[in-house]
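Trainee: Take a look at this one; I'll ask things after.
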Amino acid sequence: MFTATQKPKRRYAASGALLAAVLAAGFTAGAVPSETAAAQPITAAATVAAQAQSSWPVVKSGQRGVDVATVQLLLTAQGHTTSADGVFGPGTAAQVKALQRAKGLTADGVVGPKTWAKLIVTVKTGSKGPAVKALQKQLTDNGHAATADGVFGPATTAQVKAFQKAKGLTADGIVGPNTWARLVNGGGGNSGGNPGGGKLSDADAYARLRAAGIDRSSTGSCTDRNRKNCTSLQDIRVGTVNGVIDLKKKSGCGVVITGGTEVGHSAGTYSHWNGYKVDVRRTPCVTNYIQSHSARHHQRGDGAWVWRVTSGGRTVIDYADERWANHWDITYY
């Protein structure tokens with residue numbers, strides 16, 4: 001249920017606008033480029049645009065999940081046959097290094113922005129093969145279900161266009177650098193290296209939260225991700241939703257989400273826009289639980305004190321006390 005009486009949240013630079021600007025790099029200024037390249041490895045101009053996209057996920061040895069399977073399928077499409085089991089083991093690392101050497105990159109076996117730019121393949125209606133299957137897996141992981149049969153038919157085209165429209169891209173059904181970047185942008189992870197997990201649709205995320213007794217509220221009584229006075233759950237991480245549910249179960253408090261993945265928050269890899277953060281209403285019960293189950297760690301530049309939870313020497317949760325906005329800004333890593 002949404003309320004119109006909630007105090008306005010303090011907002012920062014619109015990360016959605018920043019991302020759109022980055023994605024447009026290397027193309028005609030002021031326009032979102034149409035991806036009209038043929039179904040073949042990306043062109044030099046497209047490579048520049050892809051390299052300019054700073055938020056490609058880093059995929060490396062030890063990780064598992066959809067992003068790993070995507071790397072494996074794209075390696076096969078590039079002639080470096082790899083089993084698409086979603087596990088980044090020694091065989092995958094060897095094939096990544098082989099691709100990197102062939103493309104003149106540092107052969108470190110880590111798939112970062114430069115390797116992604118050489119790895120992706122432009123596909124469209126009529127395309128077939130492992131690159132299409134990788135696309136279909138990413139579409140499903142982004143909430144646009146597609147059968148992973150490796151055939152780019154009408155159903156896949158429809159889902160691609162729906163995804164492009166949702167992301168503010170030209171809905172031409174062609175999957176080139178910009179669409180690939182938005183598909184894998186920090187996403188597609190799973191257990192064992194990307195705790196954030198895959199991304200959920202707004203409806204799926206809200207259903208999971210409501211089933212756990214968690215509600216959301218916005219100053220605008222809306223869920224549009226592109227409006228900063230809304231509270232959207234579109235593209236929120238599975239791990240983030242599970243984290244909030246865990247907070248509810250362990251604390252026994254009433255939990256209300258007042259900020260999700262909508263524009264208007266600060267940018268960054270572990271950001272609201274990328275699905276790793278939520279704002280939770282600041283109540284005495286929630287505050288008492290957080291402060292008794294985490295350690296006060298540091299004060300941010302905006303004055304918020306951060307309370308941190310670690311496990312095995314790794315940060316797993318940061319709770320930032322944004323008292324002025326009456327919420328806890330929570331990051332699940």
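The values are calculated or read from the model by the stated rules, or taken from the named source; none is laboratory data. Only a predicted model underlies this, so the values are computations on that prediction, with no experimental measurement involved. Neighbour counts are summed over all protein chains in view; Cβ atoms, including those assigned to glycine, are modelled from backbone coordinates with ideal geometry. Quick note on the areas: whole protein, heavy atoms, side chains included, nothing else; ligands and nucleic acids left out. Shrake-Rupley method; radii C 1.70, N 1.55, O 1.52, S 1.80 Å.
Trainee: When the chain is fully extended, how far beyond the present Cα-Cα distance does residue 297 get from residue 158, taking 0.36 nm per residue of separation?
Mentor: Working: separation 139, 0.36 × 139 = 50.04 nm, distance 4.73 nm.
Separation in residues times 0.36 nm, less the Cα-Cα distance, equals 45.3 nm.
Trainee: When only Cα pairs under 8 Å and 6 or more residues apart are kept, what is the percent relative contact order across segment 203-261?
Mentor: Relative CO of segment 203-261 lands at 42 percent.
Trainee: Carbon and sulfur: what percent of segment 95-150's accessible surface (1.4 Å probe)?
Mentor: Details: 1080 of 2260 Å².
Using a 1.4 Å probe with all protein chains present, segment 95-150 comes out at 48 percent carbon and sulfur.
Trainee: Indicate the gyration tensor shape class of segment 187-333 (rounded, prolate or oblate), computed on the Cα atoms with a ≥ b ≥ c the square roots of the eigenvalues: a/c under 1.5 is rounded; otherwise a/b larger than b/c is prolate and the rest oblate. Before the final figure, lay out each step's value.
Mentor: Working: a/c = 1.30, a/b = 1.14, b/c = 1.14.
Judged from the Cα gyration tensor, segment 187-333 comes out rounded (a/c under 1.5).
Trainee: Taking all protein chains in place and a 1.4 Å probe, what share, in percent, of the accessible surface of segment 172-293 do carbon and sulfur account for?
Mentor: Carbon plus sulfur share of accessible area: 47 percent.
Trainee: Would you mind putting 165-174, 283-292 in packing order, based on average other-beta-carbon counts within 10 Å, highest first?
Mentor: So the peptides 165-174, 283-292, ranked by packing, come out 165-174, 283-292.
Trainee: Can you tell me how segment 79-165 classifies by the Cα gyration tensor, rounded, prolate or oblate, using a/c under 1.5 as the rounded cut?
Mentor: Numbers: a/c = 2.22, a/b = 2.01, b/c = 1.11.
Taking the square roots of the gyration eigenvalues as a ≥ b ≥ c, segment 79-165 is prolate.
Trainee: With labels modelled as points extended 7 Å from the Cα through the Cβ direction, what inter-label distance (nm, one decimal) is found for residue 309 paired with residue 61?
Mentor: Inter-label distance under the simple model: 3.1 nm.
Trainee: For segment 241-322, with every protein chain kept in place, what is the accessible area per residue (1.4 Å probe, Å²)?
Mentor: For segment 241-322, the per-residue accessible area is 42 Å².
Trainee: Please list 319-327, 71-79, 293-301 highest first by mean number of surrounding beta-carbon atoms within 10 Å per residue.
Mentor: 71-79, 319-327, 293-301
Trainee: Specify which residue in the list 222, 169, 156 is farthest towards the positive end of the charge dipole of segment 84-235, using unit charges on the beta carbon of Lys, Arg (+1) and Asp, Glu (-1), about the Cα centre.
Mentor: 169
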